[in-house]
Amino acid sequence: MKYTTTVYGELLDIDGENLNVHLKLNNGDKIICRVNKKMAMELGKRLYMEVGLIGTVTEENSKIKEMKVTEISLYNPDKEKDPFALLRKAGAGKYFEKIDAIKYTQAIR
């Protein structure tokens, strides 16, 4: 079965000759993803880091066998995770200075 999705995992290897990358998914599975030269060069800067890749996967027996990457996700696990902190940095701080994102989210649930 083929479908489009985004996968996340640790970038383990880049094969410049065959233009593919090896990714260890968050569930422990390892897959080979076909990329173009520009993507391989960009991903080279993120070796051994967690990345998000968007593309078409081929699945067999509920396991991803391969992936053709169409785009590198802007996903970065090291970025700020607090949405209110991001808004403060964007200049909307006066509206969110005294709001704790976790407490706010819990209160509206």
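Just a few scattered comments:
- One residue from Glu80, Glu71, Glu50, Glu60 being more than 30 Å from Tyr104 (Cα to Cα) and modelled with pLDDT under 95: Glu60
- Selection within segment 59-69 - surrounded by fewer than 14 Cβ atoms within 10 Å (Cβ to Cβ) and either farther than 13 Å from Leu23 by Cα or touching a residue at least 40 places away in the same chain (Cβ under 8 Å) (or both): Glu60, Asn61, Ser62, Lys63
- Scanning segment 16-33 for residues that are in contact (Cβ under 8 Å) with a residue 24 or more places away in the chain and more than 16 Å from the chain's Cα centre (by Cα) gives a single hit, Gly16.
- Scanning segment 1-17 for residues that are under 14 Å from Leu53 (Cα atoms), surrounded by fewer than 15 Cβ atoms within 10 Å (Cβ to Cβ) and of a type in the set (A, V, I, L, M, F, W, C) yields a single hit, Leu12.
- Top-ranked residue of segment 18-56 - restricted to ones that are within 21 Å of Asn76 (Cβ to Cβ) and small (Gly, Ala, Ser), ranked as surrounded by the fewest Cβ atoms within 10 Å (Cβ to Cβ): Gly44
The values are calculated or read from the model by the stated rules, or taken from the named source; none is laboratory data. From a predicted model like this one, the values you see are computed outputs, not experimental measurements. In this analysis, Cβ positions are derived from the backbone assuming ideal geometry, glycine residues included, and neighbour counts consider all displayed protein chains.
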